[in-house]
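One structure below.
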Amino acid sequence: MPDIIKPDLVQIETELGINRKAAIIEPVQHPALAYNKVQLHIKRDDLLHPVISGNKWRKLKYILLHALNKGHQHLISMGGAYSNHLHALAYIGHKLNLKTTGLIRGEEPEKDNKTLSDLRRWGMTLEFVSRSRFRELRKYRTFDSEPAKLYNGFWIPEGGANQEALRGVGEILKEIDMEFNTLAIACGTGTTLAGLAKKLPRTHRVLGFSALKGGGFLEKDVKKLLKDKSINNWSINFDYHFGGFAKTTDELTSFINEIQSYNDIPLEPIYNGKMLFGLIDMIKNERFKKGQTIIAIHTGGLQGDRN
Ligand SMILES: Cc1ncc(COP(=O)(O)O)c(C=O)c1O
């Protein structure tokens, strides 16, 4: 693969094989929708790329451009042992001949899961850090903060949560060519939600579903990312975490099976399964007016469910 000398996003997207046209919008079928006269569509951002799927490329796109513009060849970030973010970053590094380092939460397991084995296969240097160190690392949000100096590279905060990420996320809206009232999105750091809220006309709203229990900090983080207090067309629902991050229940599993009996949509229980469960439940409880159209953004993440 040739080295990229002058960063050019069109060239980078071609090199990586990003396929925007694949990320179609399709109707979702479920009896609760017809009964409550609400339309639900899903934007299949999971189909953007087989590895850098969903919001991963959206968030990393301008972060990567920024790093390359500054002449960096080494990208460092952090995540859990199943991190979709590190998975996408390692693949990008592999395809673009960039060095990558991943700081992973907790002890090194005796046997790699599928995510970790992909990270190593794509040449990412892995360093396992204690949970307390991991919490400390979450504080570093700028490209040149402590870990950048320590590992001599370009630091990307957990989940790509920074200003540059918002721009790429906002581009999702350019690909929505139908009328709608509400966008729905799963939240981990709230960055994707912030990127959508920033670009969305004030006549529309974006509704996030927290994948985490006790995700109260999310609202604060979204406000910090948005910087502009007048942007208030967003909210986050905290009722559908199913016990916490990456936790699941039989009810959630049956819901995913039920959705898949009506639709050909791959779903994982960590982010998108919970978001769709929450949406359908809210629709059943008449929390949306009749005649409304919702577009859910499928953020991918299916690799995390292979392990
Ligand atoms: C598949 C998937 N969906 C949703 C999210 C949540 O995105 P954000 O951290 O921008 O809230 C993540 C985490 O980045 C993710 O991996």
Inset, instruction - Kindly list the number of the only condition in (1) within 30 Å of residue 262 (Cβ to Cβ); (2) touching a strand residue (DSSP E or B) at 6+ places or on another chain (Cβ under 9 Å); (3) free of Cβ contacts under 8 Å to residues at least 60 places away in the same chain that fails for residue 34. - result: (2)
Inset, instruction - Considering (1) outside any helix (DSSP H, G or I); (2) basic (Lys, Arg); (3) more than 16 Å from residue 188 (Cβ to Cβ), say which one residue 247 fails and leave the rest. - result: (3)
Inset, instruction - Kindly provide the set of residues from segment 66-92 that are within 18 Å of the chain's Cα centre (by Cα) and assigned to a helix (DSSP H, G or I), ordered by number. - result: 84, 85, 86, 87, 88, 89, 90, 91, 92
Inset, instruction - Scan segment 102-120 and give yes if some residue there is more than 15 Å from the ligand (Cβ to nearest atom), without any contact (Cβ under 8 Å) to a residue 60 or more places away in the chain and closer than 18 Å to residue 16 by Cα, otherwise no. - result: no
Inset, instruction - Determine whether residue 239 is touching an Asp or Glu at 6+ places or on another chain (Cβ under 9 Å) and surrounded by fewer than 22 Cβ atoms within 10 Å (Cβ to Cβ). - result: yes
Inset, instruction - Could you grab the pairs with beta carbons closer than 8 Å, sequence gap of 6+ or different chains, first residue in segment 158-174 and under 21 Å from residue 217 (Cα atoms), second one among the polar types (S, T, N, Q) and more than 10 Å from the ligand (Cβ to nearest atom)? - result: 158/77; 160/77; 162/142
Legend entry - Those residues of segment 123-173 which are surrounded by fewer than 15 Cβ atoms within 10 Å (Cβ to Cβ), of a type in the set (S, T, N, Q) and closer than 26 Å to residue 53 by Cα, in sequence order: 142
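Computed from the coordinates by the stated procedures, all read-outs in this text should not be read as laboratory data. No experiment lies behind these values; they were computed from the predicted model shown. Because the Cβ atoms are built from the backbone with ideal geometry, glycine has one as well, and the counts that use them run over all protein chains shown.
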